[in-house]
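Beneath this line is the structure, given in structure tokens, with notes to follow.
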Amino acid sequence: MTKCPGCLINLDKRRNPFGQTMKDDKDLEEKLADILYPSTKAKEFKITLVYRYKISPDYERAVDLAKRNPTYREEGDGEWVRHSATFTPDEVDELFALFNLVHEWEGTEVLVNHKRIPYGQQLWLPLMWYYRIK
């Protein structure tokens, strides 16, 4: 049984909107651990792209690219849907392809290690392109 320090919450029995327990959902468990145990040292560098529904010929292609990622999430319905996928340096080509489709869409966010930080799109994302050099 996994417990929140200082409280009586059994994290193994809590379920996310998809019916999975916290124990089954590694990405959600990792986000919760970042909140409960903040540290100054990240285990791994990750970029998350979050974007909304957009009437665009590229929308279906963007959703298809994001769904190929094992961390893909979809929240909401209809025109309020939000898609997200998290990429590591090993997946930089997939990140680049998706970003090129959604970067100009209103509401597109770039998160670094699941957090909104200043200059995510202008500074941190270009640093990720460094990994495209082989």
| Do we find a residue being surrounded by fewer than 17 Cβ atoms within 10 Å (Cβ to Cβ), at pLDDT below 70 and more than 30 Å from ASN100 (Cα to Cα) anywhere in segment 43-57? | no
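Yes/no per residue for (1) buried (at least 17 other Cβ atoms within 10 Å of the Cβ); (2) of a type in the set (Phe, Trp, Tyr):
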| site | (1), (2) |
| --- | --- |
| LEU95 | yes, no |
| PHE99 | yes, yes |
| LEU111 | yes, no |
| TYR119 | no, yes |
| TRP124 | yes, yes |
| TYR130 | no, yes |
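The values are calculated or read from the model by the stated rules, or taken from the named source; none is laboratory data. Just so you know, these numbers come straight off a predicted model, no measurement behind them. Cβ coordinates were reconstructed from backbone atoms using ideal geometry, including for glycine residues, and neighbour counts include every protein chain displayed.
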